[in-house]
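Since the structure comes first, as structure tokens, the remarks are kept for the end.
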Amino acid sequence: MSLLEEIREKASKRGKSIVLPEGTEERTLLAIKDIVSKKIANPILLGNESDVKAAAAKVGADISGAEIIDPVKAAYFDDFVQAFYEMRKSKGVDLDKAKASMLDPLFFASMMVKMGKADGEVAGAENTTGNVLRPALQIIKTAPGISAVSGSFIVIVPDCAYGDNGTFVFADCAVTPVATAEQLAEFAKTSVETAVDLCGMKDPKVAMLSFSTKGSASHEVVDKMVNATNIAKERFPELKLDGELQADAAMVPKVGASKAPGSLVAGQANVLIFPDLQAGNIGYKLVQRLAKAEAIGPILQGLDKPVNDLSRGCSVEDVVNVVAMIAVKA
Ligand code: ACO
């Protein structure tokens, strides 16, 4: 069974409600049939009911198993406006601005998750990553003890003996352009959660990546990875983690043994924390394109409740898979 099939199966045992705010978007509508028939989640589409039904009819989508909620007609719309106003008044949001925000399906969906009206949210087939993330960051916010959200990819490399039989978690590939050492340490923690919860990894081993291994080079950006390693070891002593390590020292047993002798992670890492977003985003795309790896994500990590972004180039199957991932995380 492939990893995605396993995730779908896990989701089918959870019975979670997932809100899809892009209620008239074609691939979202076409995904509903599989989400419902395979019991992956109970989908909620946002939008004006006749608009949603007309959009579904136009593309021949069976949405009979989905609940449709029109934000303005929802019994709790005014409560949401008031709650958003209370949350954001110190940021200059008045009641009119709060109402305008709640009329935006992306903000309304995040509020549904915050208020327990849905277990998770999936959006991004027609909105940018930033537009999906901003309401989640403002309303749902980060989990206790976590200050920054990151986006990981599960990278499955064919015919690869490294990592967890060729499976890795890479982060941050999607969210925080320049993370602090403290935030990089948190990415290690939340990436291990992804490795365990979604990949079913039994023995996650985290490498804090750099162009230096154990002091082989010196520069302020290397110091940052050394600090991130120390902070992670102190804050999350339960993690198997080491740094700073070059990518080969992290993954290749022989190189790890010679460059970082005695390390419990070097040569065996399966969770890779990149020093910044440029490195992480470039890194996963290189492996995806050059090694023909499957890259599943981005998986948003560190939010207090699960929300996930879709690529605007996503397929109907991608929507189904991301809904399954969020249902598993919920
Ligand atoms: N983690 C946690 N909270 C955050 C983060 C973060 N990484 N970034 C911002 N916030 C919080 C802020 O503190 C702020 O909270 P507050 O309003 O309560 O004080 C709130 O979120 C909004 O912050 P802004 O600064 O207004 O948001 P910004 O416009 O900077 O957007 C965003 C944040 C969306 C994460 C931005 O940094 C971004 O666009 N990142 C890159 C996304 C991207 O393009 N990724 C690559 C494409 S994806 C791919 O290729 C797979």
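The values are calculated or read from the model by the stated rules, or taken from the named source; none is laboratory data. Model, not experiment: these values are computed from the prediction. So basically every Cβ, Gly included, is an ideal-geometry build from the backbone, and we count neighbours across all protein chains shown. Just so you know, the surface numbers come from the protein's heavy atoms only, side chains and all, with ligands and any DNA or RNA stripped out. Shrake-Rupley method; radii C 1.70, N 1.55, O 1.52, S 1.80 Å.
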(message) From zero outward in steps of 20 Å, how is the percent of C-alpha pairs of the chain spread across the bins?
(response) 32, 53, 15, 0
(message) Could you work out what % of the accessible surface of region 173-330 is carbon and sulfur, using a 1.4 angstrom probe and leaving DNA, RNA and ligands out of the count?
(response) 54 percent
(request) Let me know the shape class of region 1-151, please: from the alpha-carbon gyration tensor, a ≥ b ≥ c as square roots of the eigenvalues, rounded when a/c is under 1.5, otherwise prolate if a/b is greater than b/c, or oblate. (result) oblate
(message) Can you order the peptides 255-265, 37-47, 296-306 by their average number of other Cβ atoms within 10 Å per residue, highest first?
(response) 296-306, 37-47, 255-265
(request) Please work out the FRET efficiency for the pair LEU264 and LYS13, using the Cβ-Cβ distance as r and a Förster radius of 35 Å; give the result to the nearest 0.05. (result) 0.55
(request) Can you bin region 95-145 into rounded, prolate or oblate? Criterion: square roots of the alpha carbon gyration tensor eigenvalues sorted a ≥ b ≥ c, rounded for a/c under 1.5, prolate for a/b above b/c, oblate for the rest. (result) rounded
(request) Pull out the extension gain between GLN278 and ALA74, defined as 0.36 nm times the separation in residues minus the alpha carbon to alpha carbon distance; nm, one decimal. (result) 69.3 nm
(message) Using Cα springs under 10 Å in a Gaussian network model of the chain, which residue among ILE282, ILE273, ILE32 shows the largest mean-square fluctuation?
(response) ILE282
(request) On a 0 to 90° scale, report how tilted helix 277-290 is relative to the longest principal axis of the chain, with both axes built from alpha carbons and the result rounded to the nearest 10. (result) 90 degrees
(request) Report the Stokes-Einstein translational diffusion coefficient (µm² s⁻¹, integer) for region 150-297, Rh taken as the Kirkwood radius over Cα pairs, at 37 °C with viscosity 0.692 mPa s. (result) 224 µm²/s
(request) Keeping every protein chain in place, order ARG27, ARG235, ARG88 by accessible area at 1.4 Å, biggest value first, i.e. largest first. (result) ARG235, ARG27, ARG88
(request) Counting only DSSP beta bridges with both residues in region 150-297, tell me the antiparallel percent, nearest 5. (result) 45 percent
(request) Pull out the extension gain between ASP94 and SER216, defined as 0.36 nm times the separation in residues minus the alpha carbon to alpha carbon distance; nm, one decimal. (result) 38.5 nm
(message) Can you say what percent of the DSSP beta bridges in the chain, counting only those with both residues inside, are antiparallel? Round to 5.
(response) 35 percent
(message) If I ignore ligands, DNA and RNA and count only protein heavy atoms, how much of ILE68 is accessible to a 1.4 Å probe, in Å² to the nearest 10?
(response) 40 Å²
